[in-house]
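Report on the following structure.
The values are calculated or read from the model by the stated rules, or taken from the named source; none is laboratory data. Quick caveat: nothing in here was measured; it's all calculated off a predicted structure. Cβ sites come from the backbone with ideal geometry, for glycine too, and all protein chains shown count toward neighbours. Heavy atoms of the whole protein, side chains included, go into the accessibility calculation; ligands, DNA and RNA do not. Shrake-Rupley method; radii C 1.70, N 1.55, O 1.52, S 1.80 Å.
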Amino acid sequence: MEDDYYVSSEDEEYYDEDDDRQNMELLEYVENDDSLPPEVPRSKVIPKESLLAAQKDDVQRVMDVLSSKENHARTLLIHYRWDVDNLLAVLVDKGKDRLYAEAGVTLVEHNSNVSQQLPSEVMCGICMDEIPADQVTLMDCGHCFCNECWTEHFIVKINDGQSRRIKCMAHKCNAICDESIIRNLVSARDPNLAEKFERFLLESYIDDNRMVKWCPSVPHCGNAIRIEEDELCEVECACALQFCFNCLSEAHSPCSCQIWKLWCQKCQDESETVNYIAVNTKPCPKCHKLVEKNGGCNLVTCVCGQHFCWLCGGATGYEHNAESIAGHSCGRFKEDEEMTLEQAKSDLVRYTHYYNRYQAHIDSLKLESKLKQSIQGKISHLVEREFTRTDFSWATNVLNRLFRSRQIISYSYPFAYYMFSEDLCKNEMTAEERTIKQNLFEDQQQQLESNMEKLSKFIEEPFDEYSPDEIRELKIRILNLSTLVDKLCAKLYDCIENDLLGSLKWTRHSVASYKSNGVEKASELTGS
């Protein structure tokens, strides 16, 4: 099956005239296939001003199911990290009483006229003063204290960052205080602190919710993203930033989050500079400064004046000839030093191989991003030539396919660097198994890379100067090749997920699944 997709780099043309009939049939299939409707976005963009509406939607959903008050529903959702499905699952498995008890919600019916049920004065169990009944507050758990003590308690907790779950002051009582009571008492003392309390409750919807996260854009766009299902996905915010929802880094599949973190760290730190120093410099035996050889002779001289042998690093005199250095012999083999040096050289060469190819595709992606304006200009030119009835959306769709495949290829190199190293997947496979799997992966990678470059070449053609027949022929070729690139991307992901990562026993890595239409664009949240 692999040969169906493989194209030799020696071929001058991907298509020949004998394929025209098949190309026409494939074009008609691509244009007329309605079996796969466009995917409905499963992620939502929540502007900052819509956070309250989004939060209230979930609160209202719980209120409707449990017939509970708003503060109880919010307390339950904060406890279950705003996961409504998990909350309802606990309700089914353990029942309503257990659900409420685990979240610290106590349901005790009290008469609204509490002051009429209490004596004229009540002793506060905190300050031990006799307080008029109209200056005390009774919580759902049944504990009653004076308003001054409650207010001090709430202020301390809010300032300590514990606004979301403020517990009752009574000893060993785990009941969560009513947020409306907290709001009223604190606002009477410090309106600014009451606003801070409100903000903490609102931000809990993001900070405590694994399905909602702030967009990591810098400067921040003010949007949050809510997903519906798998956290391991890539999304595009309304600000056009594409990122991994799991780790909030840039979209990096087919790299796992762990591999991408390791790669970024390796590219940013000085590990390879250290390797370069180990390979290309030697310390002076006198002053210990690093010396880099700039000639062919193995007798080198430090700036301090010390002469030493480049081969072994030992101090020598200046007398030497073409065969030897006077008074010095370094013919004895030092295995440990030689092995360390050779390993450093090998590691540097290997890293350079993968980094250069990764960076080359990143650079190509930046250059190809300018094609958007070029394509729009060509389409505008064609409209001026009275091609108004022709739909040229295929050109922009193919361009997006090119961008996506270029990203995939670029990130496949960091993946390969760690996947086939002896460090990350140590003891996961034998050397023979590693070689077989590496060859399999590189075959898939090469096929995608080859056809992607052909697609890049086709899309750059000046089709705005072509005749209608030439444009249709180019469209056939480009759409066929775009379909092929899509299949090869899916095939590479399948290889990574099943043949490579799926076979690991001790190391767990997961990648965001491949989406033919590219990174999902989050849709605007329609508030109620």
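Miscellaneous remarks
- Screening residue 468 against (1) within 27 Å of residue 246 (Cα to Cα); (2) touching a residue at least 12 places away in the same chain (Cβ under 8 Å); (3) loosely packed, with under 14 Cβ neighbours inside 10 Å leaves a single unmet condition, (1).
- Tallying residues that are among the aliphatic types (A, V, I, L, M) and assigned to a loop (DSSP other than H, G, I, E, B) within segment 387-444 yields 2.
- Counting only residues that are among the basic types (Lys, Arg), assigned to a helix (DSSP H, G or I) and at pLDDT below 85, segment 373-386 holds 0 of them.
- Residue tally, condition among the charged types (D, E, K, R) and not in a loop (DSSP other than H, G, I, E, B), over segment 492-528: 6
- Test: residue in segment 264-279 that is open to solvent by less than 20 Å² (accessible area, probe 1.4 Å) and out of contact with any helix residue (DSSP H, G or I) (no Cβ under 9 Å at 6 or more places or on another chain): no
- So residue 112, is it assigned to a loop (DSSP other than H, G, I, E, B), within 30 Å of residue 149 (Cα to Cα), open to solvent by 100 Å² or more (accessible area, probe 1.4 Å) and at pLDDT below 90: yes
- Segment 150-209, subset closer than 21 Å to residue 82 by Cβ and among the polar types (S, T, N, Q), residue surrounded by the most Cβ atoms within 10 Å (Cβ to Cβ): 163
- Long-range neighbours under 6 Å by Cβ, at least six apart or interchain, first residue free of Cβ contacts under 8 Å to residues at least 24 places away in the same chain within segment 191-213, second surrounded by 19 or more Cβ atoms within 10 Å (Cβ to Cβ) and in a helix (DSSP H, G or I): 194/186
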